[in-house]
Each structure stands twice: as C-alpha cells, then as structure tokens.
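These notes concern the structure reproduced below.
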Amino acid sequence: MSPAAEIARRRTFAIISHPDAGKTTLTEKFLLYGNAIHLAGAVKDRKNQRATTSDWMELERQRGISISSTVLQFDYAGYAVNLLDTPGHKDFSEDTYRVLTAVDAVLMVIDAAKGVEAQTRKLFEVCRRRGVPIFTFMNKCDRPTRSPIDLLDELENVLSLQASPVVWPLGNGPGFRGVFDRRARQVHLFERVPGGAYQAPVRVTSMDDPLVRARLDDDTHAELTDQLAMLDGAGHPFDLAAVRAGRQTPVYFGSAVNNFGIQLLLDGFLSDSVPPQPRRSVAPHPEPNRSTRRSLGEDGSPAPGPISAIVPVDDPKFSGFIFKIQANMDPKHRDRIAFLRVCSGKFERDMAVIHQRTGKTVRLSSSHKLFGQERATVDEAWPGDVIGLVGHDAFGIGDTLTEDRGIVFDEIPRFAPEVFSYISNPSPADAKKFRAGLVQLLQEGVVQSFTARTAPPGATLLAAVGPLQFEVVQYRLKSEYGAESRLEAAPWTVLRWLRPHPALANLSSLVVATGVGFGADKFDQPVVFFPNDWTLRYFKEKNPDIELLELPPEQNSANGGA
C-alpha cells in the first residue's frame, strides 16, 4: 500500500462527554463492533464481569470512572483506528485537553435525558478553538429522554453548532425500538441481548414494512411521522464540507449499553471524519513544500512570536510530538511509556531522530502499539498513528521528535489550576521512594507543581484543576512506589502568571491583600496566588501597571493576549 493510501485510511479521534453520559461504555462497544474484542465488559457490574478494556488503572475500577486517557488501536473495514478514551470527570480535564491536541476528530456523547451538560460544554469549547470536527451521539435512548427536537435545538443554541441528524430514534425509554437512517431511508429494528455483551440482532427494512408499524404504538408512530417530515422540510441537510470544517455536527441516536445504533454510528463516523491533518511548526522551514506564515493579531497585523510553518502529512521526513506520559501501566515491568502522535513521514522501529528540546539524537528501538494496558511491538507507523515509546526518561510532555531540525511542534496547552495543596513525605525511611515517585508523576502531568515563597520546609506545592487529582497522586505513590504521603491544603483558589515588569524585582513594593503569595512555575516564570476573587480584584486595582495573565506568557502571545 502506498504512503498516501496508508495515511488516508487513518482515523484518530477522542470520545468526550460529561461524567456518566456513557463514554466508556460506548468505547467498549466500538471495540465490540470493530471486532477488536468479542465480549463487552459492563461498566456498572464490576463484580460479575470484567472491567472495561479502557479503564486499566485499579483506582478507575474501584471508582467506576476514567482517570487516565487510554489509547486503543484496531483495524476495521479498511480503516486503521486510533481511539483515545479520555476522562469525563472535570477534575481530570487537563489530561483530556492534552489528548485533544493529538486527534483529528471528536465524538461527543450526550445523555439524551439531560442534554448538554457543563463539562460537555467546556470540552466542546476546547475542540472548537482547535477547529476539530465534532460528531454527536445522543445516548441512553432506552431510558426516558427529552424530545429529540429539543435536543437538536439545544445543540444549536448552547453550542452555536449547526445540527444535522443522520439517524432518528424510533420511540424512547421502554418503547425505544431502533433508529431510522435518514440517508439510506432505512429502519433498523434491534433486539436486546443480555447485558449488551454481544452485537444486537438487527432487522433492516423500510418505513412501509408492517413490522415497523407493529413495533410502534399509535402515538409514537404518528409523532415519528411528523418529526421526519419536519426534518426533511426544515432541517439542516447533511453537509460533509461543513462537518469537516467544524461548522456542522452529524447527530446520531442510540443506546450504547444495549448496542442500539452502534454500527451505524461507527460506520458513519469513520466514513465522514477527516484523515490525518497537517500540523503547524513554530519554527520556519526553508524547504518550498511547506507554506510559511506568521499568525495574525486582532487588527490583522503580524502577531508577536515565531513564524509558523505548516508541516504536511506527506512530508517525507518523520515528525511527531509527545502528548502523554504514563508510568507503570505494566506493573510487572515498572516501565515508563511516552505516547507520541505521528505527524509526518514514516516511523520505523530503531530509527534515529532528533529530540528537539535537548538537541540530542535518540534511537527509538522500543516502540509499541497500544490496546489499553496490552501492547505489541510496532515496526512502522504513519501520520495519525499513536505509538508508545518505552525507555526514554528524558522525554517530556510536548516534546518534538523529528528527522528535521526545522520542525518544532508547540501543541500542548497549560491551564491555570484551581486547587492547591502541599505534599510532603511523613516517613524519612521512604524519602527515596517518595522523591522518585513524585518526580515521575509530575513528569506525567498528573498535577502541576509550583514553588511558593511561603512553602513549609520539605513540602512541594501541587496544583490541579480538581481535588481528585491529588487523590490519584497519593494513591499512585502508595500503590506503585510504596511511599506514604501527607497533604496539607494551601490557602489559594486563583493563580495568575505575571508579565515581566521592573516592579517585580521588589515584591514588597506591591500593594496586596492578606494571604496573597508569590512563586514561580516549573519554567521559573513568576506567578501570584490569590485566596479568592476579591483579593485578585484588589491586586489589579492597587497595582495597575502589573499585568496578570490567565495563561502562561507564551500562550497569551499565541492567542493574541489574555
């Protein structure tokens, strides 16, 4: 197969949702229908059935939530699928944000009884800023739901996204019988299987089939007829170009737990989503096959920062970036795996590449294809693929690996944390284990770390989006490194970066409220910690010359300012 054909058949996507909308269940069913597994695990019944393939961490199985993003790869219907399952809980959204930099499309799962929820909205905004195509799956139609028309209206009003239903539900709740494929004009009637463990038997027929009329009561049939007529007359027609541009979302309805509508969703998504897309390098490149341009500011003038270059997927030179690091996925080996998204060229095992951050040449000899916790050696990979690299302690999140020194990717965003705690080692005998474990977890990006002028002796200041991230740190320190830890809450709720200014050389000259603290991030960029919003406003009022940034300075430049 030619390089162009290999690239064209890649599909790399993530599934996002609010917690409990059914994201992990849908992930499992994609594997079932993609013939990657033969029996789907139930998320809720963990005593009697095996845990889901994507939730490999023991703490995830105990809590019934996804904590760590997982890569699942399989071949299906001619496509090479890279499926990234992400945490749904808001406390782990930083991990999700990083994963979204590595995908070309997103599938958004919505609970049809609840509609668009807070975390869904937040993740959607991240996708929209990146211009990622979004597909929507209205899940749990086997339970009482909101009107499907109202759900479409909410998508358009809340997310400002044109919605085009590809399939339509036949009934809802206990009366949910199947879906109508609007493009093929066919009805798919499903039969339930125990626990949804196997593919649901389906009968494909037309709306005129007496069997369809027999399956639906009079009110449901009349309502369905009216809804389909309204959609055909006034709904948004499916527009593939608008979908791939991120302006329209195809909408599917179904039940992941019962396997209703999953085949249609999987086939439609893979067919309509985009193959691997070009990436932007922050370094200019002299070769003529790359278009080079400078980002523009709000007034149309060149924005500050480096010139960017578009790196096409068919560039012959290999390049990629690391978006996630995970240690101890295999407890037997206690290794460390770096997840790399291939952006251009061809990856070949044992190839020598440049580690841009250090400038050193490294050999990639231990490369793996991932399937949850399981792995297999991979000898080659193409743009769009995600590979796991083992045995390189120097790799960090955001690092570029390439054969071309002119390519440097800057894909990974940083976010202002909202909760802060000091962590320390209560047992001197465990000092070495505690230090080694904490260093590893910080490299993985499980939490952020900062220095604070007022930190207790021997304590490290941790910062996160939500407090559950601290629980994961303590759990993993204990379970993976045998080290106890002690947490002490820090008194802050807001962090801002400081734009460099001469006044910062003498912090005592600044007028601040009680409880405000100063420190630095891991790159030694100055930050200020605030106990609450009032102290933040007071700081701005009393120190008008000091500019506070919600994002690190380099991201504010890239985004045109705070």
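Solvent-accessible surface of the stretch 215-268, taken per residue with a 1.4 Å probe and all protein chains present: 43 Å². Report in % the part of the accessible area of the stretch 180-283 that belongs to carbon and sulfur, leaving out ligands and nucleic acids; probe 1.4 Å. So the carbon and sulfur contribution to the accessible surface is 53 percent.
Using a probe of 1.4 angstrom and keeping all protein chains present, the accessible surface of the stretch 103-157 works out to 35 square angstrom per residue.
Sorted from greatest to least, the principal axis extents spanned by the alpha carbons of the stretch 352-442 come out as 46, 31, 26 Å.
For the pair residue 393 and residue 550, a Förster radius of 35 Å applied to the C-beta separation gives a FRET efficiency near 0.60, rounded to the nearest 0.05. Its Cα gyration tensor gives the stretch 360-502 an equivalent ellipsoid, and the semi-axes of that ellipsoid, as √(5λ) in whole Å with the largest first, are 32, 22, 14. Here the simple spin-label model places points 7 Å from the Cα toward Cβ, and for residue 511 and residue 214 these points are separated by 8.3 nm. In plain terms, the chain from residue 271 to residue 247 could stretch by 6.9 nm, reckoned as 0.36 nm per residue minus the Cα-Cα distance. With protein chains left intact and a 1.4 Å probe, residues in the stretch 400-443 average 44 Å² of accessible area per residue. The phi torsions of the stretch 26-36, fed into the Karplus equation with coefficients 6.51, -1.76 and 1.60 and a -60° offset, translate into couplings of 5, 4, 4, 6, 4, 5, 5, 6, x, 6, 7 Hz, rounded to whole numbers, with Gly and Pro shown as x. With a threshold of 30 Å on the Cα-Cα distance, the over-threshold entries among 23/324; 114/478; 114/540; 122/540 are 114/478; 114/540. Using a basic spin-label model with each label point 7 Å from the Cα along Cα→Cβ, how many nm lie between residue 2 and residue 454? The modelled label-to-label distance comes out at 6.5 nm. Here the convex hull built on the C-alpha positions of the stretch 116-168 has a volume of 87 cubic angstrom per residue.
The ellipsoid equivalent to the alpha-carbon distribution of the stretch 437-562 has semi-axes of 29, 16, 13 angstrom, derived from the gyration tensor eigenvalues as √(5λ) and listed largest first.
Measuring between their Cα centroids, the stretch 494-509 and the stretch 194-250 lie 58 Å from each other. Here the simple spin-label model places points 7 Å from the Cα toward Cβ, and for residue 474 and residue 229 these points are separated by 6.2 nm.
Take the solvent-accessible surface of the protein heavy atoms, probe 1.4 Å, and return the percent of it on the stretch 443-562 that carbon and sulfur atoms account for. About 52 percent, which is the carbon plus sulfur part of the accessible surface. From the P(r) of the stretch 405-477, can you give the percent of Cα pairs sitting at distances over 19 Å? When all Cα pairs of the stretch 405-477 are counted, 40 percent exceed 19 Å. What the Cβ-Cβ distance of residue 162 and residue 310 gives, at R0 = 22 Å and to the nearest 0.05, is a FRET efficiency of 0.20. Based on alpha-carbon atoms, the Kirkwood radius and the radius of gyration of the stretch 198-280 give Rg/Rh equal to 1.05.
Rounded to the nearest Hz, the phi-derived 3J(HN,Hα) couplings of the stretch 393-401 under the Karplus curve 6.51 cos²θ - 1.76 cosθ + 1.60 (θ = phi - 60°) are 5, 7, 5, x, 4, x, 5, 9, 10, where x marks glycine and proline.
The values are calculated or read from the model by the stated rules, or taken from the named source; none is laboratory data. Just so you know, these numbers come straight off a predicted model, no measurement behind them. All Cβ positions, glycine included, derive from the backbone under ideal geometry; neighbour counts span all protein chains shown. For the accessible areas, the whole protein counts, side chains as well, though only heavy atoms, and no ligand, DNA or RNA atoms are used. Shrake-Rupley method; radii C 1.70, N 1.55, O 1.52, S 1.80 Å.
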